[in-house]
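Undergrad: Quick one: structure below, then a few questions.
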Amino acid sequence: MNIEEIIGLVSGLDGVLTLTPGPGDEWPELSWGDAFFYYSPDGVVPTNVQPFATIVTKNYPGDESSRLDRHDTFRVNVHAGKEEFTRRLGHTPKETTPADAAVTDTLIAHPVYGTAGWLAVVNPASKTEPAVRELLETAYRLARARHERRADSSRG
């Protein structure tokens, strides 16, 4: 899988807003080249929710263990939720212990947000492509359900 394939897959889901910051826009330079996926049927970047998945192409401060400074290296991050995280890794997010976050084509707990139910894959390929596709769809469904619950509760 490459970045463009992943962006195409997720962007094709109903109600997804894909944010891909770059030069000349309002987003910080550090985020340029990365992708952030939100469930936002109105097409506006939400201010009160996190994306349900991201693609990062470089190290961020405090998140260097995946060694994204290597040539042609990126990481897909997916908010899988507790149930799917546990099903995939065999332990709860709270039981996460540090792993080799630089290993490629392997599903791991996110090196920073694993305890919050995030999973990650550096350079997904043949071994992890089916899981990444399923996880992105699961994260999308969870984000959509959260959005709908918030909308229902605000209507009274």
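Undergrad: Condition first: of a type outside the set (A, V, I, L, M, F, W, C), in a helix (DSSP H, G or I) and modelled with pLDDT of 95 or more. Now tell me which residues in the stretch 116-156 satisfy that. First the steps, then the outcome.
TA: To start, the set of residues in the stretch 116-156 that are of a type outside the set (A, V, I, L, M, F, W, C) comprises 117, 123-124, 126-130, 133-134, 137-138, 140-141, 144, 146-150, 152-156.
Narrowing the set further to residues that are in a helix (DSSP H, G or I) leaves 129-130, 133-134, 137-138, 140-141, 144, 146-150, 152-155.
E129, P130, R133, E134, E137, T138, Y140, R141, R144, listed by residue number.
Undergrad: Right, here's the next one. How many residues are surrounded by 21 or more Cβ atoms within 10 Å (Cβ to Cβ) and in a strand (DSSP E or B) when one looks only at the stretch 71-107?
TA: Adding up the residues that qualify gives 5.
Undergrad: Taking G81 as the residue in question, decide whether it is under 15 Å from the mean Cα position of the chain (by Cα) and on the phi > 0 side of the Ramachandran plot. Write out each step before concluding.
TA: Numbers: under 15 Å from the mean Cα position of the chain (by Cα): yes; on the phi > 0 side of the Ramachandran plot: yes.
When the stated conditions are applied, G81 passes them.
Undergrad: Do we have T47 as in contact with a helix residue (DSSP H, G or I) (Cβ under 8 Å, 6 or more places away or on another chain) and surrounded by fewer than 18 Cβ atoms within 10 Å (Cβ to Cβ) here? Don't jump to the end; show me each part of the working.
TA: Numbers: in contact with a helix residue (DSSP H, G or I) (Cβ under 8 Å, 6 or more places away or on another chain): no; surrounded by fewer than 18 Cβ atoms within 10 Å (Cβ to Cβ): yes.
Spelling it out, it is not the case that T47 is in contact with a helix residue (DSSP H, G or I) (Cβ under 8 Å, 6 or more places away or on another chain) and surrounded by fewer than 18 Cβ atoms within 10 Å (Cβ to Cβ).
Undergrad: For A99, indicate whether it is over 13 Å from M1 (Cα atoms), modelled with pLDDT under 95 and among the aliphatic types (A, V, I, L, M). Before you say what the answer is, go through the steps one by one.
TA: Numbers: over 13 Å from M1 (Cα atoms): yes; modelled with pLDDT under 95: yes; among the aliphatic types (A, V, I, L, M): yes.
It is true that A99 is over 13 Å from M1 (Cα atoms), modelled with pLDDT under 95 and among the aliphatic types (A, V, I, L, M).
Undergrad: Moving on. Which residue out of L19, L13, L9, L30 is more than 20 Å from A80 (Cα to Cα) and either open to solvent by 40 Å² or more (accessible area, probe 1.4 Å) or at pLDDT 95 or above (or both)?
TA: Numbers: L19 fails: more than 20 Å from A80 (Cα to Cα); L13 fails: more than 20 Å from A80 (Cα to Cα); L9 fails: more than 20 Å from A80 (Cα to Cα).
Unique residue meeting the criteria: L30.
The values are calculated or read from the model by the stated rules, or taken from the named source; none is laboratory data. The model shown is predicted, which means the values in this text are computed figures rather than measured ones. Backbone-built Cβ (ideal geometry, glycine too); neighbour counts: all protein chains shown. In case anyone asks, the SASA skips ligands and DNA or RNA and just uses the protein heavy atoms, side chains included. Shrake-Rupley method; radii C 1.70, N 1.55, O 1.52, S 1.80 Å.
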